[in-house]
1. Where both residues lie in region 47-365, what percent of DSSP beta bridges are antiparallel, nearest 5?
2. Express the Stokes-Einstein translational diffusion coefficient of region 4-59 in µm² s⁻¹, to the nearest whole number, given a Kirkwood radius over alpha-carbon pairs, 4 °C and a viscosity of 1.567 mPa s.
3. Once the piece of chain linking Thr139 and Lys285 is laid out straight, how much longer is it, given 0.36 nm per residue of separation minus the C-alpha distance between them?
4. What is the sum of charges around Ser313, taking Lys and Arg as +1, Asp and Glu as -1, for the other residues whose C-beta is under 12 Å from the C-beta of Ser313?
5. Which Cys in the chain stand alone, with every other cysteine's Cβ at 4.7 Å or more from theirs?
6. What order, most packed first, do the peptides 384-395, 106-117 have when packing is the mean number of other Cβ atoms within 10 Å of each residue?
7. Within 10 Å of each residue's Cβ, count the other Cβ atoms and sort Leu170, Leu293 from fewest upward.
8. Rounded to the nearest 0.05, what FRET efficiency is calculated for Ser183 and Leu16 with R0 set to 51 Å and r the Cβ-Cβ distance?
Amino acid sequence: MVLKDFEQSASPTAHLDSLTEKGGSGAYSSATNVDVTTPGILTQGPGLSTLTNGTEAGAITELVNYIMDIPTATDVAYCIAATKLHKISATTVTNSGGVFPRTITGATSGSSVIEFQGSVYYFFNKASGADIGKYDQVTTFDDDWGSTVPTGMAALQSAPHPVAKKEDILVFGNGRYLGTYVSSSNTLAPTKLDFGVATEVADVCFNANQWWVAVNSTNATGANRTKSQIYLWDGAALTSQLSDEVAVGVQKIGFLMPINGTIFVAYQDVSGSCAIGYISGRSIKPLVYFSSLPTFAQKTLFKNFILFVNGASLSVAGSATPDFPYSISQYADGGFSTVGAVAAPFGTPIVASTQSTSFKLARLSGFDVTCDWRSLVMPIAQGRMVGHIDYVIVKTKNLGANASCALQLEYNQAQVTGGTAQTITTANKRRHTLKQFANPPQGVEDIRVFVSWAGGSTTNDCAIKQIEIIGHLKEM
């Protein structure tokens with residue numbers, strides 16, 4: 001049997017069964033930090049490189065809740081933590097001791113940041129209510145701008161505040177309300193639309209001359225028993241009448257993401273499983289499944305994939321080109337045990353995380369070695385005949401210095417291992433023949449391949465192109 005086409009990524013049932021047999025030859029039943037974004041290649045996922053001043057020893061003393069996904073200038077972007085506004089570049093968090101980091105007056109939980117007509121607007125919650133700050137990107141900060149300056153000024157609700165823009169209009173979530181700010185008239189309307197008691201705007205985006213607004217109910221007895229809706233609203237943001245809606249049902253929405261004219265949605269269904277799907281007409285068509293629901297601040301577009309926070313790690317969903325199937329894989333570690341925001345303002349994803357009193361803002365870099373991959377469980381037994389494994393041939397890319405991984409065989413529903421793991425290594429080698437795999441006395445009923453890069457290199461990856469398992473049947 002031959003394992004290849006690793007871009008097939010996770011089995012469609014991997015989230016339900018870690019010993020699944022369902023999927024193509026290159027699909028996996030479980031994996032940690034693997035990169036299958038290049039068609040036909042299975043290799044280590046990226047590691048993390050902490051930004052200069054990117055820990056509590058520098059400028060990052062709180063979990064970063066939101067990172068701008070589009071820079072405001074060359075190598076300049078902003079992010080917001082619980083009480084501070086930060087300025088970052090691709091490699092560094094500004095720690096001037098003066099302007100940045102900026103301690104926001106009254107802030108208890110930063111929510112979102114957006115550049116709008118030359119200024120940076122930052123949304124944050126306070127001990128009571130919330131506000132919008134404004135920074136002119138030169139010298140002037142106005143932390144209570146939203147409640148003191150524009151026509152219609154008012155305190156916001158204490159809630160998540162997803163925000164999007166179009167020309168001279170900002171549209172933002174404000175708890176049960178959808179708010180707007182129109183710069184041409186300097187008018188703020190924090191409660192422009194009201195979705196009713198016990199609701200909350202989860203995300204908002206602009207696509208095809210309409211605003212798309214995801215709204216969850218907040219009075220459910222269980223996290224996965226939340227009713228949600230996606231509403232369409234006229235792009236002018238003037239009327240109080242909605243254009244249309246998508247009836248999502250008993251599910252909870254994490255984020256909306258427009259890509260090439262299609263709206264992708266992350267949501268949690270009634271079973272507790274999470275999915276990414278796309279809106280088709282008035283329904284959502286699911287594409288892939290995973291375990292932990294991300295928020296509006298926890299997704300970005302990377303290498304034509306949606307990269308998003310999935311628990312304490314980062315996953316990718318999509319395909320390298322339209323010629324390949326839409327798939328999902330667990331791609332990289334998120335840093336510490338609690339992961340905050342992720343974005344890619346400079347092309348390479350940056351992720352925030354925390355654990356206890358430690359904080360980190362880091363970018364993907366190099367290769368991780370805490371990586372492993374397990375194939376599908378592949379049945380071998382036929383009637384009275386069971387299998388016997390003779391050897392395995394692995395084809396890799398031309399290996400660099402210290403590139404390495406280990407291959408192990410797991411038999412009979414992964415209850416038995418095939419002896420000592422065999423190492424795949426040696427610089428400038430591409431074909432590796434592995435022998436001496438022990439066979440269980442009762443024969444091989446099914447087999448699963450286990451690859452680990454724990455002994456590998458963070459500089460030169462050990463990329464696999466094909467795994468061929470050669471054996472024979474015998475009667476038992």
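Taken together, the values in this text are just the output of simple stated rules run on the coordinates, not laboratory data. Fair warning: this is a prediction, and the values are worked out from it, not measured in the lab. Here the Cβ positions follow ideal geometry from the backbone for every residue, glycine too, while neighbour counts run over all protein chains shown.
1. Close to 95 percent.
2. Translational diffusion coefficient: 99 µm²/s.
3. 47.8 nm
4. Net charge in that neighbourhood comes out at -2.
5. Cys79, Cys205, Cys274, Cys371 - these cysteines have no disulfide-compatible partner (Cβ-Cβ under 4.7 Å) in the chain.
6. My ranking of the peptides, most packed first, is 106-117, 384-395.
7. If I rank by nearby Cβ atoms, fewest first, I get Leu170, Leu293.
8. So, using R0 = 51 Å, E works out to roughly 0.55.
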